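Peer 1: Input: one structure, supplied below.
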Amino acid sequence: MIEKLPSLETDGLLTPEVGPWAEQKYRLVWNYATMFASSMKNKWNARVYIDLFAGAGRSKIENSKQIVPASPLLALEIAHPFDKYIFCDNEDDKRQVLEQRVKRDYPKANVAFIKEANEHVTAVLEAIPKHSSTYKVLSFCFADPYKLKNLKFSTIKRLSERYMDFLVLLPTYMDAHRNVGPYIEASNTVIKDFTGAQAWRAEWKLAESQGQEFGLFIADLFGRQMKSLEYIYNGLSDMILVRSTDKNLPLYHLAFFSRHKRGYEFWKEAMKYSDDQLKLL
């Protein structure tokens with residue numbers, strides 16, 4: 001379990017810049033992945049890590065010289081590695097740089113590189129080893145969309161047909177709250193696509209009349225949609241609100257979903273090792 005990310009030397013390859021709050025997210029992914037992979041090692045024949053927005057593998061913390069490993073490389077670095085890794089990204093330059101880094105630093109890892117996850121979800125499913133009565137496969141999927149439009153609930157639904165836990169970044173404030181005007185227009189389909197809820201506008205009218213913020217409404221709606229897929233969801237209190245490190249402004253929620261209580265025990269343990277700026281809503 002880690003409380004501080006390692007600092008890396010530059011390797012001359014593409015390294016996108018992120019806000020300092022991203023470190024908290026990476027720590028949570030690493031800590032959960034560590035417990036997930038090690039605890040399930042002797043209980044499942046194959047453990048699979050899926051990153052739907054994997055990026056370039058490294059990130060530079062803005063306004064600093066610090067370079068840290070991002071979620072895909074952290075997942076490769078754990079003590080008991082996954083049996084299979086699936087990294088997706090719609091930006092060719094980032095995905096190609098990630099592939100370079102993986103082949104250079106983790107040449108023995110079993111890794112599949114796939115383009116945009118929503119369009120190629122069938123390819124993601126085909127890359128997961130086949131589950132059977134004699135060969136048990138369990139997956140952990142991290143979805144880190146920068147905007148609501150980047151992730152479709154139909155993708156999550158397809159993946160949920162397998163034995164799979166999810167950690168999903170919900171861009172509640174950095175996107176939903178800021179863009180409520182465009183999103184509620186009759187012709188806009190972003191919210192329907194992101195949550196899979198056809199009649200969400202009627203629900204929003206009621207929530208708005210009760211004084212609920214749009215971002216929180218989207219987070220709760222997503223959670224309830226996951227519950228319809230038989231994932232455990234007890235309300236917004238299950239989610240983590242991440243704030244900016246400079247002005248303490250709300251940015252997004254991290255939402256964990258599992259069909260088994262054991263997964264939530266791992267998740268709560270992972271949170272203990274995160275920065276104390278990660279607050280339960």
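Peer 1: With the checklist (1) in a helix (DSSP H, G or I); (2) out of contact with any helix residue (DSSP H, G or I) (no Cβ under 8 Å at 6 or more places or on another chain); (3) at pLDDT 95 or above in hand, flag the one item residue 187 doesn't pass.
Peer 2: (1)
Peer 1: Determine whether region 194-203 contains at least one residue that is crowded, with 18+ Cβ neighbours inside 10 Å and over 15 Å from residue 145 (Cβ atoms).
Peer 2: Initial filter on region 194-203 (crowded, with 18+ Cβ neighbours inside 10 Å): 194-197, 200.
This time we only want the ones that are over 15 Å from residue 145 (Cβ atoms), so: 197, 200.
Scanning region 194-203 turns up at least one residue that is crowded, with 18+ Cβ neighbours inside 10 Å and over 15 Å from residue 145 (Cβ atoms).
Peer 1: Moving on. Restrict the check to region 53-61 and report whether at least one residue is at pLDDT 90 or above, closer than 24 Å to residue 247 by Cβ and among the polar types (S, T, N, Q).
Peer 2: Of region 53-61, the ones at pLDDT 90 or above are 53-61.
Checking the rest, the ones that are also closer than 24 Å to residue 247 by Cβ come to 59-61.
Now narrow it down to the ones that are among the polar types (S, T, N, Q): 59.
Checked against the condition, which is being at pLDDT 90 or above, closer than 24 Å to residue 247 by Cβ and among the polar types (S, T, N, Q), region 53-61 yields at least one hit.
For (1) exposed (fewer than 12 other Cβ atoms within 10 Å of the Cβ); (2) not basic (Lys, Arg), each residue gets a yes or a no:
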site	(1), (2)
158	no, no
167	no, yes
173	no, yes
176	no, yes
209	yes, yes
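Peer 1: So, in region 73-82, how many residues would count as being surrounded by 18 or more Cβ atoms within 10 Å (Cβ to Cβ) and part of a loop (DSSP other than H, G, I, E, B)?
Peer 2: Here is the first cut: in region 73-82, the residues surrounded by 18 or more Cβ atoms within 10 Å (Cβ to Cβ) are 73-76, 78, 81-82.
Retained after the next criterion (residues that are part of a loop (DSSP other than H, G, I, E, B)): 78, 81-82.
Residues in region 73-82 being surrounded by 18 or more Cβ atoms within 10 Å (Cβ to Cβ) and part of a loop (DSSP other than H, G, I, E, B): 3 in total.
Peer 1: Tell me which residues, restricted to region 83-94, are outside any loop (DSSP other than H, G, I, E, B) and crowded, with 16+ Cβ neighbours inside 10 Å. It would help to see each step written out before you state the result.
Peer 2: Step one: of region 83-94, the residues outside any loop (DSSP other than H, G, I, E, B) are 84-88, 92-94.
Scanning region 83-94 gives 84, 85, 86, 87, 88, 94.
Peer 1: Which of the following residues is buried (at least 21 other Cβ atoms within 10 Å of the Cβ), within 26 Å of residue 44 (Cβ to Cβ) and either among the charged types (D, E, K, R) or in contact with a Cys (Cβ under 8 Å, 6 or more places away or on another chain) (or both): 143, 117? Outline the logic, then answer.
Peer 2: Working: 143 fails: either among the charged types (D, E, K, R) or in contact with a Cys (Cβ under 8 Å, 6 or more places away or on another chain) (or both).
Selected residue: 117, the only one of 143, 117 that is buried (at least 21 other Cβ atoms within 10 Å of the Cβ), within 26 Å of residue 44 (Cβ to Cβ) and either among the charged types (D, E, K, R) or in contact with a Cys (Cβ under 8 Å, 6 or more places away or on another chain) (or both).
Peer 1: Is region 26-48 home to any residue that is assigned to a loop (DSSP other than H, G, I, E, B), under 24 Å from residue 151 (Cβ atoms) and touching a Phe, Trp or Tyr at 6+ places or on another chain (Cβ under 9 Å)? So that I can check it myself, show each step before the final result.
Peer 2: Taking region 26-48 as the starting set, the residues that turn out to be assigned to a loop (DSSP other than H, G, I, E, B) are 40-45.
In the following step, the residues that additionally are under 24 Å from residue 151 (Cβ atoms) were identified as none.
No: zero hits.
Peer 1: List, please: which pairs have Cβ atoms under 7 Å, are six or more places apart or on different chains, and start with a residue in region 1-27 that is β-branched (Val, Ile, Thr) and at pLDDT 90 or above and end with one that is surrounded by 15 or more Cβ atoms within 10 Å (Cβ to Cβ) and in a helix (DSSP H, G or I)?
Peer 2: none
Peer 1: Take the conditions outside any strand (DSSP E or B), of a type in the set (S, T, N, Q) and more than 26 Å from residue 18 (Cα to Cα) and apply them to residue 122. Does it pass?
Peer 2: Details: outside any strand (DSSP E or B): yes; of a type in the set (S, T, N, Q): yes; more than 26 Å from residue 18 (Cα to Cα): yes.
In short, yes.
Peer 1: Is region 208-228 home to any residue that is assigned to a loop (DSSP other than H, G, I, E, B), touching a helix residue (DSSP H, G or I) at 6+ places or on another chain (Cβ under 8 Å), free of Cβ contacts under 8 Å to residues at least 40 places away in the same chain and among the small types (Gly, Ala, Ser)?
Peer 2: There is no residue in region 208-228 that is assigned to a loop (DSSP other than H, G, I, E, B), touching a helix residue (DSSP H, G or I) at 6+ places or on another chain (Cβ under 8 Å), free of Cβ contacts under 8 Å to residues at least 40 places away in the same chain and among the small types (Gly, Ala, Ser).
Peer 1: Within region 178-193, work out how many residues are within 24 Å of residue 143 (Cβ to Cβ), among the hydroxyl-bearing types (Ser, Thr, Tyr) and surrounded by fewer than 17 Cβ atoms within 10 Å (Cβ to Cβ).
Peer 2: 1
The values are calculated or read from the model by the stated rules, or taken from the named source; none is laboratory data. All figures in this text were calculated on a predicted structure; none of them were measured in a lab. Because the Cβ atoms are built from the backbone with ideal geometry, glycine has one as well, and the counts that use them run over all protein chains shown.
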